[in-house]
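I have placed the structure first, in the form of structure tokens, so that the comments after it can refer back to it.
Laboratory data are not the source of any read-out in this text; all were calculated from the coordinates shown. None of the values given here were measured: they were computed from a predicted structure. A quick note on method: Cβ atoms are made from the backbone with ideal geometry, for glycine too, and the neighbour counts reach across all protein chains shown.
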């Protein structure tokens, strides 16, 4: 079995973040979906698997002031912290989301491309339990995954692909689907990856 932490540490140590397939100079879709929820700028937001993502940069620039970025890779988080600055209103957490114990009640949970790596049903159940524990009632989860016609593997690992129905098969008992969009992500190498983003609201 692959050690998830070792796998992602190796990737971030061996390759520049801007060369990785999921890199976005400006994560416009995520920023727009977060803004569309109209949560207050001082509400707690967590970015799951945020790593070296530029989402925290964009949120800080937009005035959001209570951010948590969680990732398995300490190397990726160190890169982001160095880029954004130590004084930014960001809490950096090295952890496996499946074992994480949140210390805040979040208004918004953001995950671009972590959930689709959970191929085992028990891991998806653990993820859902942690998400429920983290999000306050009425709060939001924005979950981005490969779409049904997206890649079948990423970074050497298999993925599970989702559309709105498949996403709600996992989360529908506890969340209402507020928005569903497709997105064509162009990788730094110029290839297109089809994504699905769902905005869910906790019931």
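The figures follow:
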{"read-out": "For 6, 174, order by how many other beta-carbon atoms lie within 10 Å, fewest first", "value": "6, 174"}
{"read-out": "Computed [θ] at 222 nm, deg cm²/dmol, the chain (DSSP H ≥ 4; -39,500 (n - 2.57); rounded to nearest 500)", "value": "-8500 deg cm²/dmol"}
{"read-out": "Enclosed volume per residue, in Å³, of the convex hull spanned by Cα atoms of the chain", "value": "109 Å³"}
{"read-out": "For the chain, share of DSSP beta bridges that run antiparallel, in % to the nearest 5", "value": "50 percent"}
{"read-out": "Translational diffusion coefficient (Stokes-Einstein; Kirkwood radius from C-alpha pairs) of the stretch 1-114 at 37 °C, 0.692 mPa s, in µm²/s", "value": "229 µm²/s"}
{"read-out": "Residue-span extension gain [residue 174 to residue 26] - 0.36 nm each, minus C-alpha spacing", "value": "50.2 nm"}
{"read-out": "Sorted by Cβ density within 10 Å, fewest first, the residues 110, 185", "value": "185, 110"}
{"read-out": "Footprinting exposure proxy for 135, 48 (fewest neighbouring C-beta atoms within 10 Å first)", "value": "135, 48"}
